[in-house]
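These notes are about the structure you will find just below.
Every number here is computed from the coordinates shown, using simple stated rules; none is lab data. Small disclaimer: the values here were computed from a predicted structure and weren't measured. Positions of Cβ are backbone-derived with ideal geometry, glycine not excepted, and every protein chain shown enters the neighbour counts.
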Amino acid sequence: FDPIIQEYHGISADAKHTSDMDFSKITGNVNPDAPVHSTRIRVGRSIDGFGLSPGITQEQRVGVENLFKTASANFKDELAGTYYPLAGMEESIRQQLVDDHFLFVSGVSNLTVVVW
């Protein structure tokens, strides 16, 4: 998958990714004059009882989506928001989310396979 990943992210074959998952090092916004107004939650890793997304069935995808909808409905205060399913979304809402940079533009080849 390396060539696909490299093309999609525009990185060279010798690029190195480093991670530091120590949350204690995160303090406030990167720029206090530019507060965070939104964020995305990507559910793309293993969830107990489900395989990884490339190898699961449509029924399992629906199960993952329903699990996430249930969990996210319990988000409170600054984490609360609106869940927008990709399948069946009204075109006007989809376009507004694209325009506001909350949703990828339609036709991104690596993402179109996840919507049935």
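Structure notes:
- Each label point was placed 7 Å from the Cα along the Cα-to-Cβ direction; for Phe75 and Arg61 their separation is 2.2 nm.
- Estimated from the Cβ-Cβ distance and a Förster radius of 30 angstrom, the FRET efficiency linking Ala34 and Tyr83 is about 0.70.
- The separation of the range 77-91 from the range 48-63, counted between C-alpha centres, amounts to 20 Å.
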